[in-house]
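S.K.: I have a structure here, written as structure tokens, and I will follow up with some questions on it.
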Amino acid sequence: MNLLLLSGSTRAKSTNAAALASVAASAPPTATTTIYRGLSALPAFSPDDDHDPLPDEVSTLRQLIRAADAVLFCTPEYAGTLPGSFKNLLDWTVGGTEMTDKPVAWINAAAPGRGRGAVSTLETVLDYVGAQLIPTACIAVPVGRDDVDDDGVIRNEEISRALAQIWVELRRQ
């Protein structure tokens, strides 16, 4: 399985990026992961620009989605919804067919009781583009800043074990 990992955070030491890195670190030997790092480089979405030739950054994003067997998202919540830069990324997926029938899941790494607005909006967009949500692979596991070391790695074994379970669920689909 080739899993694409998409973080909705542009923060250098993001708990969302750390959660995805933990999933990548727990990949089974038969799996590969790609962490997408181009969020900040994507141009602002405009329907007028959603045609060939696409901007290079958009073309790369769509190629990565196309090549993935599944996509895993982890995004912070800003003002009760998705961060603008991450919504911009998702807007660039609407005009293509790369997400159609693509198995997808999400991680909510926010503190308990938080992040549901972002997840709800993400699910709305994923449904709109025809992605196949794998509910059993979607998890809420709070990741605090103290759980992430200076290298952006989660050092909390309980959190790491919970994140590794995503692989079990993805392989079942």
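The values are calculated or read from the model by the stated rules, or taken from the named source; none is laboratory data. The shown structure was predicted, so the numbers you read here are calculated from the model rather than taken from an experiment. Each accessible area value is taken on the protein alone, full model and side chains, heavy atoms only, with ligands, DNA and RNA left out. Shrake-Rupley method; radii C 1.70, N 1.55, O 1.52, S 1.80 Å.
S.K.: Work out, step by step, the length gained on full extension between ARG161 and THR60: first 0.36 nm times the residue separation, then minus their alpha carbon distance; give nm to one decimal. Please list the in-between numbers first.
M.R.: On the way: separation 101, 0.36 × 101 = 36.36 nm, distance 3.14 nm.
Working it through step by step, the gained length comes to 33.2 nm.
S.K.: Hey, another quick one. From the phi of every residue in the range 100-107, what ³J(HN,Hα) in whole Hz does the Karplus formula 6.51 cos²θ - 1.76 cosθ + 1.60 yield, where θ is phi - 60° and glycine or proline is x?
M.R.: 4, 6, 6, x, 9, 8, 9, 10
S.K.: With a 1.4 Å probe and all protein chains in place, put LEU64, LEU4, LEU54 in order of accessible area, largest first.
M.R.: Details: LEU64 50, LEU4 0, LEU54 30 Å².
From most exposed to least exposed: LEU64, LEU54, LEU4.
S.K.: Work out how much length ASP127 to ARG37 would gain on full extension: take 0.36 nm times their residue separation and subtract the Cα-Cα distance, in nm to one decimal.
M.R.: On the way: separation 90, 0.36 × 90 = 32.40 nm, distance 2.38 nm.
Contour length minus Cα-Cα distance gives 30.0 nm.
S.K.: Over the chain, what per residue volume does the convex hull of the Cα atoms give, in whole Å³? Provide the component values of the computation, followed by the final result.
M.R.: Details: hull volume 18.6 nm³, N = 173.
It comes to 108 Å³ per residue, whole-number rounded.
S.K.: Using the Karplus curve 6.51 cos²θ - 1.76 cosθ + 1.60 with θ = phi - 60°, what ³J(HN,Hα) values do you get for each residue of the range 81-89, in whole Hz, with x for Gly and Pro?
M.R.: These are the phi-based 3J(HN,Hα) values: 8, 6, x, x, 5, 6, 4, 4, 4 Hz.
S.K.: For the range 1-105, with all protein chains present and a 1.4 Å probe, just round the carbon and sulfur fraction of the accessible area to a whole percent. Could the numbers behind the result be given before it?
M.R.: On the way: 2360 of 4690 Å².
It is 50 percent, rounded to a whole number.
S.K.: Separate question: Whole number in Å², please: accessible area per residue of the chain, 1.4 Å probe, ligands, DNA and RNA not counted. Numbers along the way, then the final one.
M.R.: On the way: 8600 Å² over 173 residues.
Per-residue value: 50 Å².
S.K.: Let me ask something additional. Whole-Hz ³J(HN,Hα) for each residue in the range 143-154, computed from phi via Karplus 6.51 cos²θ - 1.76 cosθ + 1.60 with θ = phi - 60°, x for glycine and proline: what do you get?
M.R.: 10, x, 4, 6, 7, 10, 7, 5, 8, x, 10, 6
S.K.: Would you grab the residues whose amide H sits under 5 Å from the one on GLY38? Only those 5+ places off in sequence or on another chain, please, with H modelled 1.01 Å from N.
M.R.: Residues meeting the criterion, in which the H sits 1.01 Å from N, do not exist here.
S.K.: Skipping prolines and chain starts, which residues have an amide H placed within reach, meaning under 5 Å, of the one on TRP106, given they are 5 or more residues away or on another chain?
M.R.: Those lying under 5 Å, H to H, from TRP106 are PHE73, CYS138, ILE139.
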